[in-house]
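Heads up: the structure comes next, in structure tokens.
The values are calculated or read from the model by the stated rules, or taken from the named source; none is laboratory data. Since the model is a prediction, treat every value here as computed from it, not as a measurement. Here the Cβ positions follow ideal geometry from the backbone for every residue, glycine too, while neighbour counts run over all protein chains shown.
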Protein chains: 2
Amino acid sequence: MELEEAIKGRRSCRDFLPDPIPEETIEKILEAAIWAPSPLNSQPWSFYVITNDEIKRKIFDETVRCKEWAREVSGWKWLGGYDPGFLKQAPVMIAVVANPKGTGVDMFQEEGNMGYIQACAAAIQNMHLAIHALGLGSVWVTFFDKQPMREILGVDKNRVPLAIVCLGKKASEPAAVPRKGLDKKVTYLR
Amino acid sequence: MELEEAIKGRRSCRDFLPDPIPEETIEKILEAAIWAPSPLNSQPWSFYVITNDEIKRKIFDETVRCKEWAREVSGWKWLGGYDPGFLKQAPVMIAVVANPKGTGVDMFQEEGNMGYIQACAAAIQNMHLAIHALGLGSVWVTFFDKQPMREILGVDKNRVPLAIVCLGKKASEPAAVPRKGLDKKVTYLR
């Protein structure tokens, strides 16, 4: 698939078929991830490919718990209608776990280290684009508390679970979400 | 360009020709950026396209200041040899400034809001891929302190300058940086 088509045609998919995804396909997606750039070539990512039903259920339960908690704190009414059912549907989840020490000089700076998050997010975006080019659907999930997710995945306290990429065959074609135009987003300093 | 070629062929370029880049090209790159996904479709990015020589010089000076400061704090000897001269060479810089409120439910969570950083980094990765597909070179710079960068760009304290993308025609072909294989980075939870 052409790059432009991949970037502009990718949609967030929350409706999956249960069909399993071959491991060769997963590897292609992960190969795309690791070609992202990172500060000082730190490659601060690790990937947990989840097809185990019990772990998937725990992740679903954690999102439901988080949703109830967040609804109370935020006062956001729409959260009541938020249905994380796609977490049960997706045949594969890939959790992206970061090493906060895999960052640049920002680790010494007053507003904290963000380089490692940027690198992992670049890897995640590569994955979404590769998933789309393979004809599959995916969604970028950050709706969980980090400590419970560490426990579910079995990762150390010094690692940060940043996101879960749910993927699979699309059960329906997701609609495009509108974007604000460049006139609202760009300032030229000529 | 094919997606896979764009992802695997992109390199960080730190050696630019001074040739100006047409605004239509810049717009294509920014169009790629805004098709990144974001939490709750918050689109928490704004872009400052810098071709003004004085602003470019201030950014260079800030990096040099930051380098001296960081060398002392970090004790990293290689920083002494780090040459940010490419910041003077690049005909265009695009500063990516984030709105930390453009994040997901993570804004209420104990380990802070990271969704907005992930979204902006996805937009930045789209830009790098688009730049590469256009036959140009680019590099992802996070080597600056945020408050001085706010002052240089003229942005509010409630915004976060996350990165600067330097871009232009390549003066030389950058080498590939090796990646750790999937066997070092992937855990299967079957």
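Odds and ends about this structure:
- Qualifying residue in the stretch A:169-187 (condition: modelled with pLDDT of 95 or more and hydroxyl-bearing (Ser, Thr, Tyr)): yes
- Unique residue being more than 19 Å from B:Pro178 (Cα to Cα) and crowded, with 21+ Cβ neighbours inside 10 Å when the list is A:Gln109, A:Gln89: A:Gln109
- For the stretch B:29-57, filtered to residues that are surrounded by 15 or more Cβ atoms within 10 Å (Cβ to Cβ) and charged (D, E, K, R), the residue that is nearest to the other protein chains (Cβ to nearest Cβ) is B:Glu31.
- Residues (farther than 10 Å from A:Pro148 by Cβ, in contact with a Pro (Cβ under 8 Å, 6 or more places away or on another chain) and assigned to a helix (DSSP H, G or I)) located in the stretch A:47-62: A:Phe60
- Selection from the stretch B:137-189 of residues that are more than 7 Å from every other protein chain (Cβ to nearest Cβ), among the polar types (S, T, N, Q) and either crowded, with 20+ Cβ neighbours inside 10 Å or in a helix (DSSP H, G or I) (or both): B:Ser138, B:Gln147
- For B:Phe60, the stated conditions hold: it is surrounded by 13 or more Cβ atoms within 10 Å (Cβ to Cβ) and without any contact (Cβ under 8 Å) to a residue 60 or more places away in the chain.
- Restricting the stretch B:1-22 to residues that are within 18 Å of the chain's Cα centre (by Cα) and not in a helix (DSSP H, G or I), the residue that is nearest to the other protein chains (Cβ to nearest Cβ): B:Ser12
- Every test in (1) surrounded by 17 or more Cβ atoms within 10 Å (Cβ to Cβ); (2) of a type outside the set (Asp, Glu); (3) farther than 30 Å from A:Leu3 by Cβ; (4) touching a residue at least 24 places away in the same chain (Cβ under 8 Å) is passed by B:Ala122 save one, and that test is (3).
- Residue selection: A:Ile131 fails the criterion of being at the interface with chain B (Cβ under 10 Å from one of its Cβ atoms) and in contact with a strand residue (DSSP E or B) (Cβ under 7 Å, 6 or more places away or on another chain).
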